[in-house]
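Down below is the structure, laid out as structure tokens.
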Amino acid sequence: MRMHTLRFVERLGRDEILKKRQETSPVKFLGCLEEQISENTSFDYYIVTPDTFAGLGKRAGSAILLFHGLNERNWDKYIPWAEYLSNELNRPVILFPLSMHINRSPLEWSNPRAMQKLINDEFGDGPRSSNLSFLNYALSSRLKSDPFRFYLSGRESIYNVYQLMNEIRSGRHELISKGAKIDIFAYSIGGLLSQVLLTSDVQGYFAESKLFMFCAGSLFNEMNGSSKMIMDGDTFDTLTSYFTTRFIYPQHEKRIIGDNLEQAFISHIASHLGKERREAFYRNNLHRVGIISLKQDKVIPTSGILSAIGTGAAGCLEEMDFPFHYSHEIPFPVSKENAAERKYCFEKVFGRAAEFLR
């Protein structure tokens, strides 16, 4: 494969996001205001292409957007995924970081010593929330301070994708052609982002796009984000309570706007919210949505995905199980033991994805 580095400077929706971010509660551990984190608004994203792409001599006629999970700080897990899809489909795969994730966040957030010191300084020898770790301290602190940040980062990420699509459709992208078909591969919380993108697509950017989700697609209130690699237990409880109560009522949350994008997100919070609209979308677009869940996934359970898409669209969902220990966060653990089985399961999942996205 080849890896191309491209620069992105946030413009679309920037004033709105900046204003909303200024309205969020401050975070104690940050040495600056969140709106001053320059990495989040000017950053690199990457495009993986097969070797054959170098000899095409023209921009690609199709591509795949790959969206990652919550609290990711690097692309290590996803590069083999992108490489497989790119080579199998002979298409570029766009690795696009979500707001405040990967290289869009300060390096200190990925520093174990720095984060552990902050934990020790805050809690000392006192009690700590379940699953609190140096891996999730930055995200946990930010969301516990103000859970609205979860939605705001998602909204910002969608604006960023719109800006990228504007660049492609206007013919200004250096690797992707103006009329390119753009499909999506989404993992974990990247699936929720994709669901909101497709069900609120007023621009029609994704009207013909296929969406393949892996360990993704659940209603928000049926997820379990309490994990040492995602967020601590108290933060997850705070987040769930906020989005299932205060956020959905304009009289309690003055920061919500009520537009189509927001309504699409709300319809994926709980089964009774926007159920008719949500299930009609999946039922009518069954042919362009594919999902693989994992039986032992505790973060995004199969039952939560079924609650989101409805029984009428259950045909697009396949539940798998692997003959080795795995988790949502690490579906393909690296180990010399049972390497052949893991390779087989990896190729089974991504072979299905490639077949669907072909």
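The values are calculated or read from the model by the stated rules, or taken from the named source; none is laboratory data. From a predicted model like this one, the values you see are computed outputs, not experimental measurements. Every residue, glycine among them, receives a Cβ derived from its backbone with ideal geometry; neighbour counts consider all protein chains shown.
The sole residue among 218, 140 that is within 26 Å of residue 330 (Cα to Cα) and in a loop (DSSP other than H, G, I, E, B) is 218.
If you go through segment 80-101 and keep only what is of a type in the set (A, V, I, L, M) and under 19 Å from the mean Cα position of the chain (by Cα), you end up with 82, 85, 93, 94, 95, 98, 100.
Figure legend. Inter-residue proximity from segment 205-221: first residues closer than 30 Å to residue 170 by Cβ and without any contact (Cβ under 8 Å) to a residue 60 or more places away in the chain, second residues crowded, with 24+ Cβ neighbours inside 10 Å and of a type in the set (Ser, Thr, Tyr), beta-carbon distance below 9 Å, spacing 6+ or different chains. Indicated pairs: 206/194.
Among the candidates 272, 287, the residue that is assigned to a helix (DSSP H, G or I) and either hydroxyl-bearing (Ser, Thr, Tyr) or surrounded by fewer than 18 Cβ atoms within 10 Å (Cβ to Cβ) (or both) is uniquely 287. Filter segment 128-156 for residues that are polar (S, T, N, Q) and touching a residue at least 60 places away in the same chain (Cβ under 8 Å); which is surrounded by the fewest Cβ atoms within 10 Å (Cβ to Cβ)? Restricting to residues being polar (S, T, N, Q) and touching a residue at least 60 places away in the same chain (Cβ under 8 Å), the top hit is 130.
Among residues belonging to segment 290-335 that are part of a helix (DSSP H, G or I), of a type in the set (Val, Ile, Thr) and in contact with a Leu (Cβ under 8 Å, 6 or more places away or on another chain), point out the one that is farthest from residue 71 (Cα to Cα). Restricting to residues being part of a helix (DSSP H, G or I), of a type in the set (Val, Ile, Thr) and in contact with a Leu (Cβ under 8 Å, 6 or more places away or on another chain), the top hit is 309. Checking residue 106 against (1) touching a Leu at 6+ places or on another chain (Cβ under 8 Å); (2) surrounded by 17 or more Cβ atoms within 10 Å (Cβ to Cβ), which single condition isn't satisfied? Every listed condition holds for residue 106 apart from (1).
Restricted to segment 256-269, and to residues that are under 16 Å from residue 222 (Cβ atoms) and not in a loop (DSSP other than H, G, I, E, B), which residue is nearest to the chain's Cα centre (by Cα)? Applying the filter and picking the extreme gives 265. Filtering segment 64-92 to residues that are among the aromatic types (Phe, Trp, Tyr), crowded, with 23+ Cβ neighbours inside 10 Å and not in a helix (DSSP H, G or I) leaves only 67. Scanning segment 37-63 for residues that are over 22 Å from residue 169 (Cα atoms) and assigned to a loop (DSSP other than H, G, I, E, B) gives 37, 50.
If you go through segment 179-204 and keep only what is touching a residue at least 24 places away in the same chain (Cβ under 8 Å), charged (D, E, K, R) and out of contact with any Leu (no Cβ under 8 Å at 6 or more places or on another chain), you end up with just 181. It is to be established whether one or more residues within segment 163-186 are closer than 28 Å to residue 315 by Cβ and part of a helix (DSSP H, G or I). No: segment 163-186 contains no residue that is closer than 28 Å to residue 315 by Cβ and part of a helix (DSSP H, G or I). Answer with yes or no whether residue 329 is modelled with pLDDT of 95 or more and farther than 28 Å from residue 287 by Cβ. So residue 329 fits the description; yes.
Candidates 249, 242, 205, 282: the one that is in contact with a strand residue (DSSP E or B) (Cβ under 8 Å, 6 or more places away or on another chain) and surrounded by fewer than 22 Cβ atoms within 10 Å (Cβ to Cβ) is 205.
Summed over segment 96-121, the residues that are touching a residue at least 60 places away in the same chain (Cβ under 8 Å) and either of a type in the set (Asp, Glu) or more than 29 Å from residue 185 (Cα to Cα) (or both) give a count of 1. Residues that are in contact with a Lys or Arg (Cβ under 6 Å, 6 or more places away or on another chain) and either free of Cβ contacts under 8 Å to residues at least 24 places away in the same chain or closer than 19 Å to residue 357 by Cβ (or both) are absent from segment 4-27.
Pairs are defined by a Cβ separation below 7 Å, a sequence spacing of at least 6 or placement on different chains, a first member in segment 336-358 that is surrounded by 12 or more Cβ atoms within 10 Å (Cβ to Cβ) and part of a helix (DSSP H, G or I), and a second member that is modelled with pLDDT of 95 or more and basic (Lys, Arg); the pairs so defined are 356/210; 357/210.
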